[in-house]
Amino acid sequence: MSKQVKFTIDGTQVTAPEGMGVVDAAKMAGIDIPVFCHHPKLEPVGMCRMCLVEIGRPMRDRATGQFVIENGAPKIQFLPKLETACTNKVEEGMVVLTQTQSGKAKDGQKGTVEFLLTSHPLDCPICDKGGECPLQNLTMAHGPGKSRFIYDEKLRLGKRVPLGELIVLDQERCIQCARCVRFQDEIAGEPVIGFAERGRAMQIVSFSDPGFDSVFSGNTTDICPVGALTTVDFRFEARPWELEAAASICTQCPVGCNTTLNTRREAKAGGDFVVKRVMPRQNEEVNEIWICDKGRFAHHYTDSKKRLIKPLFRKDKKLTRASWDAATKLAADHFLAAKKDFLILASGRLANEDLFNLKSLADLSGGKAYLYSHMGGGELTSLVGVSNGTNFGSMGKGNTIIVVASDLYEEAPIWYLRVKQAAERGATLIVLNPRETKLERFATHALRYDYGDEAKFVHDLGKKGKVGEAFTSAENVIILFGSEGLGAAGTASLASACAKLLNDNGFVGKPNNGLIGVWERANDQGAWEIGFHVEEDLAKALKGKAIYIVGADPVADDPKLAKALGGAEFIAVQDVMETETTEIADVVLPAQAFTEREGTLTSGERRVQRFYPAVPPTGDSKPDFSITSQIARHMGIILEGTLVSAVFDILSDSIKSFEGLNYARLAEVKEQLPIVGRGDLYYGGTTYENTQGLGAHLSAAATRGETVSIPRVHASREAAPHPKEKELLAVPINKLYDRGTTVLASDLLHERIGDARVALHPETAKRLGFEEGQMVNVSFNGTSGDAVVRLDESISHGIALVPRSMGIAIREPVPVKVRSKVKA
């Protein structure tokens, strides 16, 4: 707890932490000081001068250093000029007079607004920021009634200047507050935009190629205090006052960012409600007030023309419409007949309630339930995973964070931000990877290992000199493990090594300690907690079975799986959209998107959070848990299928880690700092305050005091193949913008998705006769695909990096042949 000081604002005595800015201290006391350039998440710069106030400080005797006392109180001395409240820190005995008590401060703020408006366009009626614009609001509150400046002297600048393919700049509206520039530098750590020129000619420009090359670019539009920065997705699409708001959770990665879905009824959508934009919702222990661009823009699949709207079954080799009763009964009859050959394949896109009903159906019918994932080891996070009280935001000096086999920037961008910030606060950051990643710039120690040596490297970490000392001497340790260069067996071995390292050294069972999986989907963690497992040889497991596929598209993902499904006895597919897997199904069941229903998701940090419906259901679609319940009923099994909250109650009564949780607890909120909300947009931006739930952590076995037994780490090198002499080993990596079903539907992301690529070391490429940008064919195990060659000196010789979900079906390391085609 930092030292508290007492001072006075407008005659009110206020207590605040020593060193806090006057603006922020006033905000905590419920006193508003208007700002433009200041933002509570950024360092103060005093650029806009909107926060001008009078500040008096106690006089001190130069000889003794003691306060000068007058009439029984310290004598206060005011400077002759106004001062910026954002750059001045609170002091004991300070006296602050704001615009409500000081005519001088009021005139200063009025003058600031007048100067800002000298060359600001009068286009509020068509500006996207209109209705949620700090400049508009503060002009009404503090500005002059009319301008003394000549209209013809206003600058005429670019009205639509693309900074990148996602963000557009209106140069006339920019007030040079530098919020966007500072966000990219201080928060994102990517100074890809900045100022060019000086004086009235100063403008925001992009320094990167491609333009505004950052996965956090959309956040700059949230904190821009005017309509200078807009997203191509929302530009001229709706007015803020037309929009409804619904609390939700991002479903694109395991972070579990809190979001708000803004919706309205659309004429061009036939009068239906549609999602117009995705906005951040404050949760300081999860995503603070930020979201990545994938989470912001990859929602368009929910209103795609490929949405499934009616149940279908195959008749005369064609899929035709069926009633819900007929379609679910047909599926149930085949599942019953299959007996032990009944198999459920579900993905982490589903809610906890959906997964629980699916697992219950498998257990009660004698079938099996598999998680559709290339990562193993999730059962270990239930044993030694992070639990209640864990918060990256509270980690700093004395804490250690280890990231192994994961490129957080590409796999979980907000975790990248929060781990980076923890390192900047003094936490020891250890990054273990065979190649360079963006996080290394902020690492205390960056160590390399050969692909295939992940588990062994982690096992020996405590013996590695300074790095080992940084680990063993830490107060708290969190390890994040990923799947770079690994398949299911390899990640299971790595998870075992990480869990054993933590458990043996006592870094489990307490806040800010434990294991985190960097999963590929939003609720993979929930699936592991509920009892799903990953099958290493999935193709073999699928052959000859009656299969219930939910929220997955294995046919499009992997030709081997497509071939295996060709030999299945019966296939029922339950999904939101038409996919290549629905095309081969015997029964197709339309599910509601996350925007159309409520439920819960479990983040990789094992935090359970609620999401709420934002738009009406599409067609006759139903929630996944309800569809599963209907199938179960035809099989003579009773599962809750009406109330999603009731399913969660049954779940929490059945699974130890969920014990004590319910929808009411998940909806609880508490005061968060900084204080942001829609009531004072000039302070925190257009981020939504959180009024519908901060979620709650699951317990882990170690937290509950149970005896924890960690499985033996695989010693065999077969679990993670190594490159052999004169052989090229393809290793899978993860890419933020891929060709997945939920991403590809967003046309505006296609430029960022790009072509399939294969990355080689320059010497390896030279040996094979390839050049940068050359088109090649990549083939292994009967699978092939075209890719563009990219050169990377940080890659080991004999290694080819192949991104997952980009058209080449790679799930684990495999020997590969790369043949020349034509230049791209």
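The values are calculated or read from the model by the stated rules, or taken from the named source; none is laboratory data. If you're wondering where the values come from, they're calculated on a predicted model, not measured in any experiment. As a convention, Cβ positions derive from the backbone with ideal geometry for all residues, glycine included, and neighbour counts pool all protein chains shown. What goes into the accessible areas is simple: the full protein's heavy atoms, side chains included, and nothing from ligands, DNA or RNA. Shrake-Rupley method; radii C 1.70, N 1.55, O 1.52, S 1.80 Å.
Working only within the stretch 314-329, note down all residues that are within 11 Å of ILE631 (Cβ to Cβ), open to solvent by less than 50 Å² (accessible area, probe 1.4 Å) and of a type outside the set (Ser, Thr, Tyr). If the condition is that a residue be within 11 Å of ILE631 (Cβ to Cβ), open to solvent by less than 50 Å² (accessible area, probe 1.4 Å) and of a type outside the set (Ser, Thr, Tyr), then TRP324, ALA327 are the ones that fit. Scan the stretch 230-238 and give yes if some residue there is over 27 Å from VAL576 (Cβ atoms), touching a residue at least 12 places away in the same chain (Cβ under 8 Å) and not in a loop (DSSP other than H, G, I, E, B), otherwise no. Yes, the stretch 230-238 contains a residue that is over 27 Å from VAL576 (Cβ atoms), touching a residue at least 12 places away in the same chain (Cβ under 8 Å) and not in a loop (DSSP other than H, G, I, E, B). Could you check the stretch 336-349 and list, in sequence order, the residues that are open to solvent by less than 10 Å² (accessible area, probe 1.4 Å) and either modelled with pLDDT under 95 or assigned to a loop (DSSP other than H, G, I, E, B) (or both)? Hits for the stretch 336-349 are SER347, GLY348. For the stretch 70-97, a residue qualifies if it is polar (S, T, N, Q) and in a strand (DSSP E or B), and the qualifying residues are GLN77, THR84. Scanning the stretch 384-393 finds no residues that are without any contact (Cβ under 8 Å) to a residue 24 or more places away in the chain and surrounded by fewer than 24 Cβ atoms within 10 Å (Cβ to Cβ). Listed by position, the strands (runs of 3 or more DSSP E) contained in the stretch 536-628 that have at least 2 residues being within 30 Å of VAL508 (Cβ to Cβ) and in contact (Cβ under 8 Å) with a residue 24 or more places away in the chain are 599-602, 607-611. Of the strands (runs of 3 or more DSSP E) lying entirely inside the stretch 765-806, the ones with 3 or more residues being more than 19 Å from TYR737 (Cβ to Cβ) are found at 774-780, 783-791. Of all residues in the stretch 360-373, those being surrounded by fewer than 24 Cβ atoms within 10 Å (Cβ to Cβ) and either under 23 Å from the mean Cα position of the chain (by Cα) or of a type in the set (Lys, Arg) (or both) number 1.
Residues that are without any contact (Cβ under 8 Å) to a residue 60 or more places away in the chain and within 30 Å of ASN262 (Cα to Cα) within the stretch 629-662 comprise THR642, LEU643, SER645, ALA646, ASP649, LEU661, ASN662, listed in sequence order.
A single entry from VAL113, VAL168 fulfils the requirement of being in the same structural domain as ASP10 (by TED's automatic domain parsing), at pLDDT 90 or above and under 25 Å from LEU42 (Cα atoms): VAL113.
Of everything in the stretch 757-795 that is open to solvent by 60 Å² or more (accessible area, probe 1.4 Å) and in contact (Cβ under 8 Å) with a residue 60 or more places away in the chain, the residue that is nearest to GLU812 (Cα to Cα) is ASN781.
For the stretch 637-692, taking the residues that are more than 30 Å from ASP354 (Cβ to Cβ) and among the aliphatic types (A, V, I, L, M), the one that is surrounded by the fewest Cβ atoms within 10 Å (Cβ to Cβ) is identified as LEU673.
So which residues in the stretch 579-619 are open to solvent by 20 Å² or more (accessible area, probe 1.4 Å) and on the phi > 0 side of the Ramachandran plot? Scanning the stretch 579-619 gives a single hit, GLY619. Residues in the stretch 198-218 that are among the polar types (S, T, N, Q) and outside any loop (DSSP other than H, G, I, E, B) were compared, and the one that is surrounded by the most Cβ atoms within 10 Å (Cβ to Cβ) is SER206.
Taking the criterion of being open to solvent by 10 Å² or more (accessible area, probe 1.4 Å) and among the hydrophobic types (A, V, I, L, M, F, W, C), the only residue of the stretch 626-636 that qualifies is MET635. Would you check if ILE733 is open to solvent by 20 Å² or more (accessible area, probe 1.4 Å), at pLDDT 95 or above and hydrophobic (A, V, I, L, M, F, W, C)? Yes: the conditions hold for ILE733.
Filtered by the rule that a residue be open to solvent by less than 60 Å² (accessible area, probe 1.4 Å) and modelled with pLDDT under 95, the stretch 540-549 gives a lone residue, GLY544. Helices (runs of 4 or more DSSP H) fully within the stretch 430-505 that include at least 2 residues being crowded, with 18+ Cβ neighbours inside 10 Å, touching a Phe, Trp or Tyr at 6+ places or on another chain (Cβ under 6 Å) and not assigned by TED's automatic domain parsing to the domain that holds VAL534: 488-504. Which residues, taken from the stretch 261-311, are part of a strand (DSSP E or B) and either touching a Phe, Trp or Tyr at 6+ places or on another chain (Cβ under 9 Å) or farther than 29 Å from LEU694 by Cβ (or both)? Listed by number, the residues that qualify are LEU261, ASN262, THR263, ARG264, ARG265, LYS276, ARG277, VAL278, MET279, PRO280, ARG281, ARG307. Applying the condition of being aliphatic (A, V, I, L, M) and crowded, with 17+ Cβ neighbours inside 10 Å to the stretch 119-145 and asking which residue is farthest from ARG235 (Cα to Cα) yields LEU138. Residue count for the stretch 20-68, restricted to those that are open to solvent by 10 Å² or more (accessible area, probe 1.4 Å), of a type in the set (Val, Ile, Thr) and either in contact with a Lys or Arg (Cβ under 9 Å, 6 or more places away or on another chain) or in contact (Cβ under 8 Å) with a residue 60 or more places away in the chain (or both): 3. Considering (1) polar (S, T, N, Q); (2) modelled with pLDDT of 95 or more; (3) open to solvent by 20 Å² or more (accessible area, probe 1.4 Å), the lone condition that THR707 does not fulfil carries the number (2).
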